[in-house]
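Since the structure comes first, as structure tokens, the remarks are kept for the end.
The values are calculated or read from the model by the stated rules, or taken from the named source; none is laboratory data. Since the structure is predicted, the reported quantities are computational estimates derived from the model, not experimental observations. Note that we place each Cβ from the backbone using ideal geometry, even for glycine, and neighbour counts take in every protein chain shown.
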Amino acid sequence: MELHDPPDGRDVTSRSVYFAAVPKPITQVIATHHHFDHAGGLRQFVAAGASIVVHESTKAFFDDRVFGATATVFPDDLAAHPRAASIKTVPALGTLRLDDPTNPIEVYPIASSHAADMVVAYLPKQGILFNSDLYIPLTDDLKQVGLVPYFTAKDFRDLAAGIQHHGLTPAVIVGGHGGVSPMTVFNADLAALP
């Protein structure tokens, strides 16, 4: 089973609830980028034996500075039981395919000013694209009170360009901070950009 953008794993209660709630072992974890709210829980999954998927430009950072670091202020499972991280990388000019007989996942780099190591996960059979921070699917009532479905218009355009560049055909977009939008809504939101 794969997981995307694990939450901060320091809280023992949330960590044990999280692992108990997942019915299958998590074997691979995709970090869409290095920001804390998307990679803060990776150490727990390394300790549990999962492979970590990151953009190739950040492999050394994660291996040395995140997984190789000692955790003395907030000791965690990796500090208690050190082990080498299994890291899979997404090529800057390619794709990484995570084979699974039922739900294969393709991981693509996205050129973005939000984070140089940005990747998205795509489930081609289901037409689902998972992104973080580039597009935030919102309900109509949230849009009516003035919220916009992106941090910056450039981030949103970067995602749209990446989808086109890689020839992806998602039916829906899932946001790392919540929400799901069909592509018709994504395209309407894109057309409404200032």
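Of note, H38 satisfies the criterion of being surrounded by 18 or more Cβ atoms within 10 Å (Cβ to Cβ), at negative phi, of a type outside the set (G, A, S) and not in a loop (DSSP other than H, G, I, E, B). Number of residues in the range 139-153 that are part of a helix (DSSP H, G or I), of a type outside the set (G, A, S) and surrounded by fewer than 14 Cβ atoms within 10 Å (Cβ to Cβ): the value is 3. Listed conditions (1) modelled with pLDDT under 95; (2) over 20 Å from R97 (Cβ atoms) are all met by I26, apart from (2).
Condition first: within 30 Å of M183 (Cα to Cα) and in a strand (DSSP E or B). Can you find one or more residues in the range 65-87 that meet it? Scanning the range 65-87 turns up no residue that is within 30 Å of M183 (Cα to Cα) and in a strand (DSSP E or B). Among the residues in the range 108-123, are any more than 21 Å from F61 (Cβ to Cβ) and either touching a helix residue (DSSP H, G or I) at 6+ places or on another chain (Cβ under 6 Å) or surrounded by fewer than 14 Cβ atoms within 10 Å (Cβ to Cβ) (or both)? Checked the range 108-123: no residue is more than 21 Å from F61 (Cβ to Cβ) and either touching a helix residue (DSSP H, G or I) at 6+ places or on another chain (Cβ under 6 Å) or surrounded by fewer than 14 Cβ atoms within 10 Å (Cβ to Cβ) (or both). When T70 is tested against (1) of a type outside the set (A, V, I, L, M, F, W, C); (2) over 14 Å from the mean Cα position of the chain (by Cα); (3) under 20 Å from L134 (Cβ atoms); (4) modelled with pLDDT under 95, exactly one condition is not met: (3). Given the criteria free of Cβ contacts under 8 Å to residues at least 60 places away in the same chain, over 22 Å from G176 (Cα atoms) and of a type in the set (K, R), does R43 qualify? Answer is no for this residue.
Each residue in the range 88-138 was checked for being among the acidic types (D, E) and not in a loop (DSSP other than H, G, I, E, B), and 1 pass.
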